[in-house]
1. I'd like to know if the stretch 100-111 contains one or more residues that are of a type in the set (Gly, Ala, Ser) and over 24 Å from residue 187 (Cβ atoms).
2. Does residue 131 qualify as being part of a helix (DSSP H, G or I) and within 17 Å of residue 166 (Cα to Cα)?
3. Criterion first (assigned to a helix (DSSP H, G or I) and of a type in the set (D, E, K, R)) does residue 405 satisfy it?
4. Here are some residues: 120, 84. Which one is of a type outside the set (A, V, I, L, M) and touching a Cys at 6+ places or on another chain (Cβ under 8 Å)?
5. Which residue is modelled with the lowest pLDDT, if the candidates are limited to the stretch 457-480 and must be part of a loop (DSSP other than H, G, I, E, B) and under 33 Å from the mean Cα position of the chain (by Cα)?
6. Among all residue pairs at least 6 apart or on different chains, which show Cβ distances below 6 Å where the first residue, located in the stretch 298-311, is under 8 Å from residue 269 (Cβ atoms) and the second is β-branched (Val, Ile, Thr)?
7. What single numbered condition from (1) at pLDDT 85 or above; (2) assigned to a loop (DSSP other than H, G, I, E, B); (3) surrounded by fewer than 21 Cβ atoms within 10 Å (Cβ to Cβ) fails to hold for residue 20?
8. Could you check residue 440 against (1) buried (at least 20 other Cβ atoms within 10 Å of the Cβ); (2) out of contact with any Asp or Glu (no Cβ under 9 Å at 6 or more places or on another chain) and say which number it fails?
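The values are calculated or read from the model by the stated rules, or taken from the named source; none is laboratory data. Please read these numbers as outputs of a predicted model, since none were measured by experiment. All Cβ positions, glycine included, derive from the backbone under ideal geometry; neighbour counts span all protein chains shown.
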Amino acid sequence: MKKFLFCLLCTLIPVTSEAADTLPLTLKPEAQYRDNLYAWDTRHEAIIKRHRNIKPEYVFIGDSITHHWGGEPVDNFGQHGKDSWSRLFGAHVITNMGFGFDYVDNAYYRIQQGELDGISPRIVILMIGTNNLGHRRDTPETCAANTKALITLIRRKCPSSKILLLGILPRKEKDLAEVIRETNRQLSLLADKQHVFFSNPGQTLQESGTGTLRKSCTTDGLHLSSTGYSILADELAELLHRADPQYKGGKVPRPNKIDGMDPEQVHLVAIGDSITDNYRKDNLPCQNFLPIWKKYYAPYNAFNAGVSGNTTDDVLARIGGKGILDHVSPKVVQIMIGTNDTGRGNTEEETFNGICRVVDKVHAKLPRASILLLGILPSNIYNWHVAAAAYPDKKFKKDMAVNDRLARFYADNQFVTFLDIRDVFLDADGKVRPELFCDPSVVVINGKKAGPLHPNTEGQRLMAEAIHPTLERLMNNQPK
């Protein structure tokens, strides 16, 4: 009898040990079949098979936001951020363990069923929970409790791995903004700063003051656009550099030349959209911009970083994602951006906040450089193929209101000089001077002439002349 009891006790010990981590009643470990078009089992088996043969340095556990990003294993679900994924992880072996539609519960089940067996990554990146909040409508307490159980399981499977727990990203739904904020607060309490570390890089994707996801960072209000992935990659690269001395990603190789110059020779960087980009061109119809650039900017060894069509979020992505400021040390960075934000229908608040984010990012990258922030140029964009063209007067007023706010905001800033040159392009009645713009004479959309948006040669010359005294003063480090 005693021998029987002893044997029975021995058989119960493993069960008791596994049950020692009592699961929350709200956690339901199970496979996931919420979309019959999604081969959940196939991806699960592909990851298990991969880890039999490949021992990754990192694994990234998540839902569709992770799955859509890039990396291995590749399937038919789509990769919408593979360029930034390659920049972030291209130097390392990593497994993308993102599964579309997954709850925390499903990730728990996947790991329980062997996805982490036999591997010991240096870092396990965990970003999951948005489906719990947005689809199942879990409370912050429930989501945090379920995530805690998942972390405990990961720690048991990979005891020597660090866990980088990322906050849930913002979404378009305003009613979820506070829920996500409170959930992230509770998730931050799970970090012991020895094995588990918390960060909330999604804050860089938020529309200031609302907690919702910025329009240009998303494809549908939940999933990220290439711009959103690029901004997130920039934030995550900084986290990985701090967490792992062996991390090599997130950097862009130093170019030998920038616009024909050694990077160290660049004293001025001009950041903007097509209005800045046009200075590269000398063959536009009826235009000759290049001599203006050579006269007013080339003497400062200027690097033209203007890209046609750019919004503030595109500029943020280029600064972080493609590293346009990583290898230069200019005396001055000139910024003129924002007209495409309002052109696409962004509000005054969104545009103002976007410009401020660009300024903050530039200052963080180049703290010793002076920043010359130019106001949005006046325009009258009738007949263009953008949302604001239906109400060009509203865009005009919105742009000027943004300029007024920027002037007040940066009035006493020692690093930023705001310069509003609207008067160059307005007549005595405050109306846009069409003779200073190339669009009405050369741009035809759907059989109609487009309204003034891009300065012509005379407009660019007058603009350069208006900017020059301030630029010269900043180059000589004279006080504001």
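1. No, every residue in the stretch 100-111 fails to be of a type in the set (Gly, Ala, Ser) and over 24 Å from residue 187 (Cβ atoms).
2. Yes: the conditions hold for residue 131.
3. Against the criterion (assigned to a helix (DSSP H, G or I) and of a type in the set (D, E, K, R)), residue 405 qualifies.
4. None of the other options fit; the residue is 120.
5. Within the stretch 457-480, the first condition is being part of a loop (DSSP other than H, G, I, E, B), and the residues that meet it are 476-480.
Those left that are additionally under 33 Å from the mean Cα position of the chain (by Cα): 477, 480.
Values: 477: 83, 480: 63.
Per the stated criteria, the residue is 480.
6. 303/258; 303/266; 303/269; 305/269; 305/271; 305/324
7. Exception for residue 20: condition (1).
8. With respect to (1) buried (at least 20 other Cβ atoms within 10 Å of the Cβ); (2) out of contact with any Asp or Glu (no Cβ under 9 Å at 6 or more places or on another chain), residue 440 is out only on (1).
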